[in-house]
Structures are given as structure tokens and as C-alpha cells.
Amino acid sequence: MTPIQTVLGLETSCDETAAAVVRRHDDGRVEVLSSVIASQIAAHAPYGGVVPEIAARAHVECIDAVTEEALSEAGLSYNDLTGVAATAGPGLVGGVMVGLSFGKAVALARNLPLVAVNHLEGHAVSARLGADIAYPFLLLLVSGGHCQLLSVEGVGACDRLGSTLDDAAGEAFDKIAKAMGLPYPGGPALEALAEGGDPGQFTLPRMLLGRKDCDFSFSGLKTAAARLAEGVTGEVARRDLAACVQAAIATQLAEKSDRAIQAYAASHPGEGLRFVVAGGVAANRAVRERLHATALANGFSFDAPPLAYCTDNAAMIALAGAERLSLGLSDGLDAVARPRWPLDARAAASHPSHPPGRKGAKA
Ligand code: KG4
Ligand code: ZN
């Protein structure tokens, strides 16, 4: 076990090819020495979403150049590393295999320990890239593929309190934006359009609010908004509709977080109460503001990752790897790419948020 970890992180689970070098000191202090992201947005934009085959090929084409750039930006060589961390799932398996295989090759060639990182664990630690946040904390993980509330007790120890029954919040942003004719990815485009809009001009359904659990649902909202979008023309009305959609998503996230906050506080008496939001949708200002207010109203602290680490990046994967390495945890070169890999396997099996399918629960 090395007290100071200098870890190369690799992320290829969706449409960003990313490499980063993160140093974690033995007192827990974290330095991001580099974080390089090659986005494939332009390659997928004509199709209005991510095409898995295009993504996998694009990762193959640039993973070595992106890694070289991350090392050179950090001013380091492979010899300065103490480990390699690669996303091993969940995600588009063709892309995951590219990053994981590359990570294995580096580990083998340089005799470095490998960590096969769960992408969701990367998001879970991402706020720790910008602030010193102790375990345990309550996490809202809200991205394009995931929407769940988790009690994060420590490295690799999560209890799921709730999750989406259908779409993820980012997916709802993306699909509604597409219905409104906005470019991919829809979340940032919809946020830009919503600027200055009046969220009171339209009424959208409020999903599952009567239920006493912490689960989410966005499909009714998505259908209602897409139907409204068909009849909305003119810049002012479009702006109002975007503001209304954004407010409806923020409201649901805040109300379910409020329930989870209360459940979490009851199960963690006498502890520092921390609420963290992570994932691509955490980049949305209206969402951040609503969640911040919800946390403070309940006596919780509030943290979100720096904007650059909300959406997919390799710095969060490197940090997840460094935390595992500092506990003496690593994986063999036989680690497999996993399209499905829930953080809380027990909750996912007993209460799947997506139909379980042949290979078990997805998230
Ligand atoms: O975490 P991420 O990069 O990938 C996944 O692991 O899914 O999240 C991407 C998602 C997309 O759905 C994107 O539209 C959404 O995050 N997103 C946003 C914003 N920035 C990214 N949604 C709303 N507002 C934003 N500013
Ligand atoms: Zn992600």
C-alpha cells in the first residue's frame, strides 16, 4: 500500500473518451493533475442520441492520444504512476471494453495495480474532487442514465433509498429537448433556452408526489411536455415551456430528496449530515439551487462537484480508484466489462428500477 496515490483514470462508458491523473495524499487531500475529455458530441449529433457502435470506434481511435495528453498535462510519465483505474461498467459495453482493455495493457506493461471502477462510484466521489466531504453522505446521483438516492457509507458501501421507475432525469431533459427541436445533448440546450422564461405559463403533471417513497418517475412529464411542444411556437412561448420543464424536473428531484433527507437523518443520529448531488444534471443551475435550499432547510450541508466534473470525466474514475488503492483494494487482469452493475446490488435485485432481464438489474 502506497500512502500517496498517483492514478491514471480512464473513462469510456458513453460518448466521452476521457483520461485524467489524480493524486490523493495520505491525509485524503486530492489534486487533479490533469483531466482531458475528447467529446464525441459532433459524431452523434446527427442521430439525436448516442450510437453505441460509433461510440466504441471513436474510443478506439483516440484513447491513446487522450491518455498521452493527460500524462503530458500532468507533467508525468507512466513511471510516476502508482495505479490505473478504468471504468468497467455500467455503460455501453463496446466502449467500456476499450477503456478497460487499455487500462489492463498499461497495468500489465508497467506493472501497476488495476482498479476496475464502477462508473456510478466515480460519480459518487466526484464532489470530493472539489471539496473535503467525509463519509457518510446522502447522494442524489442524477445523470443521463441514472436517477437514484443513495446513502453512501464509505468506499463501495451504498444503500439505495430510491430510484427512477422509468426514465432518468437527464434522459427526460434530452427527450423533451429533442421534441422541442433543440440540439443534442438536450439538457444544456434546454437550460439555455429556459433562461428568462416564465415557468408559470404551462402546467405539467406532478408525478408520484402522493407516494411516501423516494422513487422518481419522469415518463408522464416527458409525454405531456412533448405533446405541449407540438403546439408551442414563438421564442417567448418556447422559453416559457423550457422554464416550466426545468422547474418540474427540479421540483421532483427536490421533493424526493427531501423525503430521503428525512429518512437518512433518522438513520444517522448524531452524525454530520451531508447532502451531495452528482451527475450531468447536477450542472443545471435551477436544479442545484432547489437542492441546495432543500438541504439547508433540513440542516444538511450541500455539495455538488465543480461543473467540469458533473458530466462524465476520468478524474472521478481516477479518484474512485485511488480511494480503493489506498485501502489496499485492486482487481485482477481478468476483470470483465459489465453493461449492468448496480451500486447497491441487494436493493437492485429486490426492487429493480429497470426490468431485470437476463443479466440482472441494470442500475
Ligand atoms: O453524467 P453524464 O455526463 O452521463 C451519464 O452518466 O449519464 O450526464 C449526461 C446527462 C445528459 O442527459 C445531459 O443532458 C445532462 O446530463 N445534462 C444536463 C445539463 N448538463 C448535462 N441536464 C440539465 N442541465 C444541464 N446543464
Ligand atoms: Zn455518468
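Check region 328-345 and report whether any residue there is under 23 Å from Gln262 (Cα atoms) and either in a loop (DSSP other than H, G, I, E, B) or within 16 Å of ligand 2 (Cβ to nearest atom) (or both).
yes
Quick check: anything in region 107-114 within 14 Å of ligand 2 (Cβ to nearest atom) and under 30 Å from Ile54 (Cβ atoms)? Quick ask: steps written out before the conclusion?
At the first step, the residues of region 107-114 found to be within 14 Å of ligand 2 (Cβ to nearest atom) are none.
No, region 107-114 has no match at all.
When region 209-223 is examined, which residues are found to be crowded, with 19+ Cβ neighbours inside 10 Å and out of contact with any Leu (no Cβ under 6 Å at 6 or more places or on another chain)? Steps first, answer last, please.
Within region 209-223, the first condition is being crowded, with 19+ Cβ neighbours inside 10 Å, and the residues that meet it are 214-218, 221-222.
Correct list: Phe216, Phe218, Lys222.
Could you check region 79-102 and list, in sequence order, the residues that are assigned to a helix (DSSP H, G or I), in contact (Cβ under 8 Å) with a residue 60 or more places away in the chain and over 24 Å from His44 (Cβ atoms)?
Going through region 79-102, the residues assigned to a helix (DSSP H, G or I) turn out to be 79-80, 93-102.
Filter again for in contact (Cβ under 8 Å) with a residue 60 or more places away in the chain, leaving 80, 93, 95-100, 102.
Within region 79-102, Asp80 is the sole residue that qualifies.
Under 9 Å between Cβ atoms, which residue pairs at least 6 apart in sequence (or on different chains) link something in region 29-48 that is closer than 30 Å to Ala134 by Cβ with a partner that is buried (at least 18 other Cβ atoms within 10 Å of the Cβ) and aromatic (Phe, Trp, Tyr)?
Hits for this filter: Val32/Tyr309; Ser35/Tyr309.
Hey, can you tell me all the residues within region 242-255 that are closer than 9 Å to Gly200 by Cα and of a type in the set (A, V, I, L, M)?
Going residue by residue through region 242-255, those that are closer than 9 Å to Gly200 by Cα are 243-244.
Correct list: Ala243 only.
Restricting attention to strands (runs of 3 or more DSSP E) lying wholly within region 105-171, give those where 1 or more residues are within 18 Å of Thr6 (Cα to Cα). Lay out the reasoning, then the answer.
Details: elements: 114-118, 137-142, 147-154, 157-163.
Fully inside region 105-171 and qualifying: 114-118.
Can you tell me which residue among Asp26, Asp15 is closer than 30 Å to Tyr184 by Cα, in contact with a Pro (Cβ under 9 Å, 6 or more places away or on another chain) and not assigned by TED's automatic domain parsing to the domain that holds Gly145? Explain how you work it out, then say what you get.
Values: Asp26 fails: closer than 30 Å to Tyr184 by Cα.
Unique residue meeting the criteria: Asp15.
Does Pro52 count as more than 23 Å from His123 (Cα to Cα) and surrounded by fewer than 18 Cβ atoms within 10 Å (Cβ to Cβ)?
On the way: more than 23 Å from His123 (Cα to Cα): no; surrounded by fewer than 18 Cβ atoms within 10 Å (Cβ to Cβ): yes.
So Pro52 does not fit the description; no.
If we keep just the residues of region 162-183 that are touching a residue at least 60 places away in the same chain (Cβ under 8 Å) and not hydrophobic (A, V, I, L, M, F, W, C), which is farthest from ligand 1 (Cβ to nearest atom)?
Gly162
Just wondering, is there one or more residues in region 184-199 that are surrounded by fewer than 24 Cβ atoms within 10 Å (Cβ to Cβ) and more than 16 Å from ligand 1 (Cβ to nearest atom)?
Taking every residue of region 184-199 in turn, at least one turns out to be surrounded by fewer than 24 Cβ atoms within 10 Å (Cβ to Cβ) and more than 16 Å from ligand 1 (Cβ to nearest atom).
If a residue counts only when it is among the hydroxyl-bearing types (Ser, Thr, Tyr), which helices (runs of 4 or more DSSP H) contained entirely in region 180-295 have at least 1 such residues? Give the steps one after another, and end with the answer.
On the way: elements: 186-194, 219-231, 235-267.
Result: 219-231, 235-267.
The values are calculated or read from the model by the stated rules, or taken from the named source; none is laboratory data. It should be emphasised that the depicted structure is a prediction, and the values quoted were computed from it without experimental measurement. Counting neighbours? That spans all protein chains shown, and the Cβs are built from the backbone with ideal geometry, glycine included.
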